[in-house]
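K.L.:
Once you've had a glance at the structure underneath, I'll fire off some questions.
The values are calculated or read from the model by the stated rules, or taken from the named source; none is laboratory data. These numbers were taken from a predicted model, which means no experiment stands behind them. All Cβ positions, glycine included, derive from the backbone under ideal geometry; neighbour counts span all protein chains shown.
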Amino acid sequence: MQFKRALQHTIAWKSLNTVLAFFINLLLVRILGAAASGDFFYSLTILAFFTLASSWSLEAGITYYGSNDHKNIPAITLFLFPWMLVQGVCLWGLLQSIGTNLDHQLSWIFIVANLAIIYFSALFYARKWVFTVNIVACVVNVLVLGILVIIYFRPLRIPGVVTVGLINGNGSLPGENFNLAELSYFGGFLLQALVLIIIFFSRSGLQLTGASFKPAMVQKLFVYSSIAFISNLLFFLVTRIDYYFVKLFCDEIALSNYVQVSKIGQVLILVPSMMATVIFPYSSGEDKENYLDKLQLLCRGITFVFIPVAALVAISGYWLFPWLFGEAFQQMFLATLWYLPGFYCLSITSLLAAYLAGKSMLNANLVASLVALMVVIACDLLVIPNWGINGAAAASSLAYFICLCLLLWVYKTKLNIEPLSFVRITRGDLRRLNRLK
């Protein structure tokens with residue numbers, strides 16, 4: 001698939017998928033209420049951390065080596081199944097010993113299903129089958145959203161199943177009953193994982209019986225992925241550790257407000273994150289089509305789009321956020337204003353980091369993430385006790401800005417690229433974007 005077509009498909013379908021995920025999030029907030037939803041999404045962040053740690057960023061190695069040579073894919077796939085089995089057993093034991101606010105069985109399903117989605121999505125991207133991954137996610141999210149709509153507007157009464165109160169007043173699940181909304185949400189990830197696996201094998205015609213285990217391939221996979229893992233782990237902490245400090249220094253309502261501000265940011269950086277997933281596999285190997293030039297053009301395109309979008313959020317957020325989420329979310333607006341510069345920096349950073357990863361320059365991403373993490377921790381400790389979630393948002397914006405500057409410095413010193421070429425909009429940019437191949 002051509003780069004432009006892959007980019008268009010990814011943006012279109014992931015945009016739809018993010019809209020669906022936004023309304024799923026909105027319904028969960030409405031079902032749970034302001035206080036309980038903050039605790040729920042905080043617990044999901046912990047599970048997401050376990051997922052990241054368990055994956056060891058193998059998706060980076062899978063995409064990198066699978067894109068370079070499709071002959072590596074059978075050996076990689078043969079390795080994945082016993083690897084996921086070992087991970088599943090270890091995670092089951094780990095979750096039994098760690099107390100969380102969510103049911104252990106559903107927490108296990110969440111992590112294992114997301115691991116399968118991560119690994120097999122990487123295989124799809126290595127083959128440049130970007131359309132399938134996105135449409136499967138959209139179809140599953142439509143199904144989950146439909147169930148949540150029914151629960152919200154017309155609660156179902158099923159014996160042994162609770163339809164409201166995912167987390168009780170003490171911050172734990174009520175008895176041994178499951179919440180139907182919770183089952184739908186977690187079940188969506190399991191369904192998506194199973195569908196991706198089935199489609200991959202049916203479309204590729206891959207026969208594992210004819211594949212051979214290649215220790216050298218696995219070793220290279222882990223070496224590359226280990227560097228990517230450290231970098232991704234640091235970057236995850238950069239973008240999520242503020243949740244911990246907000247929870248430590250602020251009340252539950254403030255935490256709920258801040259979580260939703262972060263999710264607004266996820267919507268704002270939606271298109272850049274999509275572009276990054278396409279840039280990575282296409283930039284691996286020889287740069288015959290000058291993807292660095294395409295990268296600069298896409299970064300300027302993000303700048304062109306982000307400015308009016310940020311202005312719209314700044315103008316409408318004061319009344320829009322409480323209208324969408326409820327009157328308890330009055331604190332979102334000012335925190336979002338402090339966070340907007342950070343969301344822009346994060347948008348450009350995601351593209352820059354994806355290209356460097358495709359060129360096996362992962363050390364640069366690692367150093368930038370480490371510096372940004374130290375900045376956000378230091379600033380959070382200083383400002384959150386007095387400024388609350390507004391201080392947390394400002395601290396994150398500063399950390400993202402420093403991370404962006406460090407990556408731009410790498411491009412200047414290692415690739416001899418002028419930093420301003422990534423953000424300085426020119427007259428012909430829109431025409432060039434239209435002619436992009």
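K.L.:
On the basis of being buried (at least 22 other Cβ atoms within 10 Å of the Cβ), modelled with pLDDT of 75 or more and not assigned by TED's automatic domain parsing to the domain that holds PHE40, does TYR258 make the cut? Can you show your working first?
P.N.:
Values: buried (at least 22 other Cβ atoms within 10 Å of the Cβ): yes; modelled with pLDDT of 75 or more: yes; not assigned by TED's automatic domain parsing to the domain that holds PHE40: yes.
Spelling it out, TYR258 is indeed buried (at least 22 other Cβ atoms within 10 Å of the Cβ), modelled with pLDDT of 75 or more and not assigned by TED's automatic domain parsing to the domain that holds PHE40.
K.L.:
Could you please let me know if TYR244 is modelled with pLDDT of 80 or more and either more than 27 Å from ILE307 (Cα to Cα) or not in a helix (DSSP H, G or I) (or both)? I'd like the intermediate steps shown before the answer.
P.N.:
Working: modelled with pLDDT of 80 or more: yes; either more than 27 Å from ILE307 (Cα to Cα) or not in a helix (DSSP H, G or I) (or both): yes.
Yes, satisfied.
K.L.:
Any idea which of PRO308, PRO341, PRO322 is touching a helix residue (DSSP H, G or I) at 6+ places or on another chain (Cβ under 8 Å) and free of Cβ contacts under 8 Å to residues at least 40 places away in the same chain?
P.N.:
Numbers: PRO308 fails: touching a helix residue (DSSP H, G or I) at 6+ places or on another chain (Cβ under 8 Å); PRO341 fails: free of Cβ contacts under 8 Å to residues at least 40 places away in the same chain.
Result: PRO322 is the single residue among PRO308, PRO341, PRO322 that is touching a helix residue (DSSP H, G or I) at 6+ places or on another chain (Cβ under 8 Å) and free of Cβ contacts under 8 Å to residues at least 40 places away in the same chain.
K.L.:
Going through SER226, SER231 one at a time, which residue ends up being touching a residue at least 24 places away in the same chain (Cβ under 8 Å), surrounded by fewer than 20 Cβ atoms within 10 Å (Cβ to Cβ), assigned by TED's automatic domain parsing to the domain that holds CYS345 and of a type in the set (Ser, Thr, Tyr)? So that I can check it myself, show each step before the final result.
P.N.:
Numbers: SER231 fails: surrounded by fewer than 20 Cβ atoms within 10 Å (Cβ to Cβ).
The conditions single out SER226.
K.L.:
Among the residues of region 299-316, are any touching a Gly at 6+ places or on another chain (Cβ under 6 Å) and surrounded by fewer than 21 Cβ atoms within 10 Å (Cβ to Cβ)?
P.N.:
So the first thing to find is which residues in region 299-316 are touching a Gly at 6+ places or on another chain (Cβ under 6 Å), and the list is none.
No: region 299-316 contains no residue that is touching a Gly at 6+ places or on another chain (Cβ under 6 Å) and surrounded by fewer than 21 Cβ atoms within 10 Å (Cβ to Cβ).
K.L.:
Considering only region 97-126, how many residues are surrounded by 19 or more Cβ atoms within 10 Å (Cβ to Cβ) and not in a helix (DSSP H, G or I)?
P.N.:
Adding up the residues that qualify gives 3.
K.L.:
Tell me, please, whether a residue that is under 30 Å from TRP13 (Cα atoms), at pLDDT 80 or above and either in contact with a Gly (Cβ under 8 Å, 6 or more places away or on another chain) or not aromatic (Phe, Trp, Tyr) (or both) can be found in region 149-158.
P.N.:
Looking for residues that are under 30 Å from TRP13 (Cα atoms), at pLDDT 80 or above and either in contact with a Gly (Cβ under 8 Å, 6 or more places away or on another chain) or not aromatic (Phe, Trp, Tyr) (or both), one finds at least one in region 149-158, hence yes.
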